[in-house]
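The values are calculated or read from the model by the stated rules, or taken from the named source; none is laboratory data. Please read all numbers here as calculations on a predicted model, not as lab measurements. Reconstructed Cβ throughout: ideal geometry from the backbone, glycine too, with neighbour counts over all protein chains shown. Accessible surface areas use protein heavy atoms only, side chains included; no ligands, DNA or RNA. Shrake-Rupley method; radii C 1.70, N 1.55, O 1.52, S 1.80 Å.
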Amino acid sequence: MNEQGRGSQSADRNPLVALAGQPNVGKSTVFNLLTGLNQHVGNWPGKTVERKEGTFTCDGTTYRLVDLPGTYSLTANSPEELVAREFIIRERPDVVVALVDAAILERSLYLVAELVALPAPVIVGLNMMDVAQQEGMQIDPQKLEATLGVRVVPMSASHNVGVRELVEAIGQAARGDYIYTPKRPEIRADHAEVLAEITRLVTEWVPQPYPPDWVALKLLEGDEEITRLMQAHLPAERWEAVHDILKAHEDALVAVASGRYEWIGQAIRAAVTRPRTGQIGLTERLDRWATHPLGGLVILAAILGLTFWLTYTVGTPALNLLDTYVIHPLADLARTVLEPFSPWLAGLVADGVIGGAGFILTFLPILVIFFAVMGVLEDVGYMARAAYVMDRFMHPMGLHGKSFLPLFLGFGCNVPAVLGTRVIESRRARLLTALLVPLVPCTARMTVVAFLAPAFFGPAATLVSWGVVLLALSVLAVSGVLISKIVFRGERAAFIMELPLYHLPNPRTIGLLVWQRTLEFVRKAGTVILPVSVVVWALSALPGGGVESSYLATVGRWLEPAGRLLGLDWRLVVALLTSFVAKENSIATLGVLLGTGEGGLAQRLAATYPAATGLAFLAVQVLFIPCVATVAAMRQEVGWRGMLFNLGLQTAVSLAVGMTVYWLARLGGLG
Amino acid sequence: MIERLLDLLRAGGVRRIADLARELETTPALVEAMLDGLERMGYLRRMDGSEHGCGGAETKNREGCAGCALAGACAVAGSERVWSLTEKATGHMR
């Protein structure tokens with residue numbers, strides 16, 4: 001410090017200036033500009049908080065400048081905030097410079113709202129005006145000054161703009177020429193009376209140098225430090241009285257803070273204008289439609305339909321070409337080459353490997369298109385809107401807000417969705433959300449729909465897929481409503497999210513996404529689907545008298561009576577059962593059992609089964625028990641009982657819905 | 001103002017900052033400031049890349065979304081501003 005050769009007495013008579021502000025508002029810059037080399041760094045007594053102090057001279061007067069720790073408010077929550085407020089109360093600086101960031105004025109002003117409640121006069125240093133201007137904000141310092149009743153000095157400290165004016169204002173205040181008439185934040189009327197009562201009760205007992213008004217306010221806020229202080233100083237009887245009032249108004253913290261934000265809101269309204277810039281304007285215009293309560297749903301449904309349409313129009317012909325020109329010739333080749341050596345091996349390779357798992361690979365065109373469309377929607381920023389619209393749709397039905405996140409995750413894959421239920425604190429809510437998750441149609445289930453719908457329904461595939469998804473979502477919504485009514489009993493949790501700005505899709509990001517997901521699918525085809533296809537083939541070939549007399553047929557026929565209720569023969573029942581290992585196995589199994597004849601699997605399916613059976617099979621497929629990976633995740637998250645309950649629930653729901661769909665379709669003439 | 005914000009949040013559902021600002025007749029920046037304030041007072045919990053991530057005891061991690069196993073499939077991963085109400089906030093309703 002620049003105090004050598006001067007007595008401490010005269011140093012004390014130098015005006016004392018405190019520099020307050022939230023972190024990152026440019027406090028260090030201002031402090032260094034003012035004090036230059038005349039500064040000293042130490043610690044606040046008894047604290048590990050850094051204390052910076054220095055001096056500067058202007059017009060022959062030397063000022064002492066103390067840099068208070070950067071804080072967002074003046075509660076007793078952190079040592080920094082305690083240090084800052086204790087300094088102002090005990091040292092009574094001649095002036096407190098409150099530095100605020102003009103570019104984030106709303107956030108910055110909260111500390112000022114607390115500072116004006118203390119006895120030292122405040123000057124606001126409106127820093128970073130250059131940044132605010134660059135962002136298109138227009139701030140009128142005079143109007144701000146008029147609303148706050150506090151001197152406001154606009155500045156850009158990093159460009160040394162406004163610092164001289166700040167020093168002049170400090171000089172004026174130190175000389176006593178600053179008529180300080182701050183408009184303090186007001187507390188809501190009902191709490192104002194409570195505050196007055198507390199002030200009346202404590203005033204004569206408040207120790208020096210604490211201002212009684214401020215102490216009363218802090219008591220009402222529930223400030224631990226001040227509560228301790230007054231408990232020690234008030235006579236027991238008086239403390240009881242105060243304590244009773246405080247206990248009856250535990251929510252007063254919000255009322256006090258509310259007054260401060262109201263105060264900030266008035267200042268902003270008076271002094272700040274923000275023009276809407278291009279990207280924000282465009283996003284708002286688009287969102288007026290995309291997030292409209294009704295229009296948003298229509299758009300979501302339309303986008304879903306368009307996704308299916310695009311997938312089928314481009315993907316299905318490609319799939320059929322691959323099946324006809326790659327899979328079939330390959331299977332025939334394998335048969336021709338291997339038949340002379342071992343008919344058994346020829347069957348395994350041609351029907352089991354190529355007809356099952358290999359056939360799954362013909363899905364790649366469908367999946368690539370599907371993943372690409374999803375990737376574009378995600379990258380453009382639409383998926384967040386879809387989530388928002390869906391929540392708005394589910395919300396009136398009373399679905400718990402926090403359940404929404406895991407449920408939304410489920411559209412990708414049910415496994416992370418089940419794990420994602422951990423974000424829900426309440427055990428009961430977590431359990432029930434985990435039970436609902438497998439009702440969300442995941443990508444794998446959608447893949448099966450995407451293959452079977454065009455096979456069964458040709459040009460009507462888009463409409464059918466669309467209907468199947470809506471059906472799955474309706475079942476989810478109905479279960480959600482029931483569960484929410486029974487378990488949450490109207491309790492609701494909010495979830496605030498800021499929707500990202502729309503932007504043009506980045507081909508690289510989307511390409512990478514499609515590549516990763518496709519690779520994952522190929523890996524699944526090789527590791528999970530292949531062995532099951534081989535087992536299915538083996539069971540369909542043994543003991544050797546043809547498919548119809550195989551072990552698989554025996555098991556399938558045993559279950560067939562149940563399947564008949566919804567129009568399924570033993571092949572479809574077996575296909576459904578193998579979907580437990582991985583959803584796509586349904587198709588691989590049908591490939592093994594049906595696909596080796598003329599015309600490819602799609603045509604054989606259409607020729608073998610009536611439309612009513614196709615519809616019922618699709619409905620059951622999207623609602624049937626989830627795959628083994630999801631079931632394992634369920635066991636881990638909700639235990640054996642929860643898992644078994646889910647299996648029972650989904651079996652019952654899928655069979656009931658499948659049966660309804662089948663008989664309605666038959667009544668409608670699709671039999 | 002912050003009480004009205006809390007009331008809006010307690011009604012439940014996913015809310016957007018822009019909508020909240022419109023309903024409170026103020027700026028989105030002030031709504032954000034109030035959300036930060038509510039978080040400091042313990043009424044809201046951040047569910048994003050901040051210190052405690054999604055707030056669930058088991059997924060708690062210091063790297064936020066980056067350290068979360070679910071980030072790859074999450075609708076809000078990487079989004080800067082997602083909050084949920086704490087029990088302190090919902091408890092005040094009753």
Compute the acute angle (0 to 90°) between the alpha-carbon long axis of helix A:530-541 and the principal axis of greatest extent of the alpha-carbon atoms of chain A; round to the nearest 10°.
20
Eigenvalues of the Cα gyration tensor times 5, then square-rooted: what semi-axes does that give for region A:65-123, in whole angstrom, largest first?
17, 14, 10
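Using a 1.4 angstrom probe with every protein chain in place, what is the largest-first accessible-area order of A:R184, A:R13, B:R45, A:R385? Let's see the in-between values first.
Numbers: A:R184 115, A:R13 185, B:R45 75, A:R385 0 Å².
Of A:R184, A:R13, B:R45, A:R385, the descending order of accessible area is A:R13, A:R184, B:R45, A:R385.
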What accessible area, in Å² to the nearest ten, does a 1.4 Å probe give for A:Y180?
50
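What average number of partner chain Cβ atoms lie no more than 10 Å from the Cβ of the residues making up A:266-272? Can you show the working numbers first?
On the way: counts 2, 1, 5, 4, 0, 0, 3.
Mean inter-chain Cβ contacts per residue within 10 Å come to 2.
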Computed [θ] at 222 nm, helices only, for the protein assembly as shown once each DSSP H run of length n ≥ 4 contributes -39500 (n - 2.57):
-17500 deg cm²/dmol
With the crude spin-label approximation of a point 7 Å out along Cα→Cβ, what separation in nm comes out for A:A248 versus A:R175?
5.2
Solvent-accessible area of A:E168 with every protein chain in place, 1.4 Å probe, in Å² to the nearest 10:
110
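Could you rank the peptides A:125-132, A:548-555 by their average count of other C-beta atoms within 10 Å per residue, with the highest value first? List each step's numbers first, then the result.
Working: A:125-132: 23.2, A:548-555: 15.6.
The packing order, highest mean first, is A:125-132, A:548-555.
Could you sort A:F456, A:F31 by their accessible area in this structure, using a 1.4 Å probe and putting the largest first? Don't jump to the answer; show the numbers that get you there.
Working: A:F456 25, A:F31 0 Å².
Putting A:F456, A:F31 in descending order of accessible area: A:F456, A:F31.
Quick one: plug the Kirkwood hydrodynamic radius of region A:189-273 (C-alpha pairs) into Stokes-Einstein at 25 °C, 0.890 mPa s, and report D in µm²/s.
Values: Rh = 13.7 Å.
For these conditions, the coefficient is 180 µm²/s.
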If I take the Cα coordinates of region A:156-315 and project them onto the principal axes, what are the three extents in Å, biggest first?
83, 50, 27
Net charge within 13 Å of A:M155 by Cβ-Cβ distance, Lys/Arg positive one each and Asp/Glu negative one each, not counting A:M155 itself?
-1
Residues with amide H under 5 Å of A:V49's amide H, sequence separation 5 or more or different chain, H placed in the peptide plane at 1.01 Å from N; which?
A:W44
Cα-projected label distance for A:V628 with A:D130, points at 7 Å along beta-carbon direction, nm
6.5
With no solvent and one point on each alpha carbon, what is the Debye value of log10 I(q)/I(0) for region A:16-175 at q = 0.14, 0.16, 0.20 Å⁻¹?
-0.65, -0.86, -1.38
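Taking only C-alpha pairs under 8 Å that are 6+ residues apart, what is the relative contact order of region A:16-175 in percent? List each step's numbers first, then the result.
Numbers: 294 pairs, mean separation 36.6, N = 160.
Reported as a whole number, the value is 23 percent.
Provide the convex hull volume over Cα atoms per residue for region A:90-191, in Å³. Numbers along the way, then the final one.
Details: hull volume 11.8 nm³, N = 102.
Given the Cα convex hull of region A:90-191, per-residue volume reads 116 Å³.
Considering only DSSP beta bridges where both residues belong to chain A, give the percentage that are antiparallel (nearest 5). Working shown, then result.
Details: 15 of 34 bridges.
Counting only bridges with both partners in chain A, antiparallel ones make up about 45 percent.
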Long-range amide H contacts for A:L99: which residues qualify at under 5 Å (H placed 1.01 Å from N, peptide plane, sequence gap of 5 or more or a different chain)?
A:A20, A:G21, A:G125
Surrounding net charge for A:G259, when Lys and Arg each add one and Asp and Glu each subtract one, Cβ distance under 15 Å:
-3
Taking only C-alpha positions in chain A, Rg and Dmax in angstrom work out to 36.0, 113
Applied in sequence order to region A:247-253, the curve 6.51 cos²θ - 1.76 cosθ + 1.60 (Karplus, θ = phi - 60°) yields integer Hz couplings, x standing for Gly and Pro, of 5, 6, 10, 5, 8, 5, 3
Burial-style ranking of A:573-579, A:536-542, average other-beta-carbon count within 10 Å with highest first, yields A:573-579, A:536-542
Average Cα contact separation per residue, chain A, under 8 Å, 6 or more apart, as relative contact order %
10
With axes computed from alpha carbons, what is the tilt in degrees of helix A:212-221 against the longest principal axis of chain A, rounded to the nearest 10 within 0 to 90?
10
Report the label-to-label distance for A:R238 and A:F341 in nanometres (one decimal), using points 7 Å from each Cα along the Cα→Cβ vector.
10.2
Multiplying the sequence separation of A:L504 and A:Q142 by 0.36 nm and subtracting their Cα-Cα distance, what value in nm do you get?
126.2 nm
Tabulate in residue order the Karplus-calculated ³J(HN,Hα) for region A:610-624, using 6.51 cos²θ - 1.76 cosθ + 1.60 with θ = phi - 60°, rounded to whole Hz; enter x for Gly and Pro.
x, 4, 4, 5, x, 4, 4, 5, 4, 5, 5, 4, 6, 10, 5
Ignore the peptide's own chain and count Cβ atoms of other chains within 10 Å of each Cβ in B:32-41; give me the average, rounded.
6
For region A:189-273 the mean separation of alpha carbon contacts under 8 Å (6+ apart) over residue count, i.e. relative contact order in percent, is 29
Averaged over residues of A:605-615, the number of beta carbons from other chains lying within 10 Å of each residue's Cβ is 0
Could you work out how far helix A:328-338 tilts from the main Cα principal axis of chain A, as a 0 to 90 degree angle to the nearest 10?
60
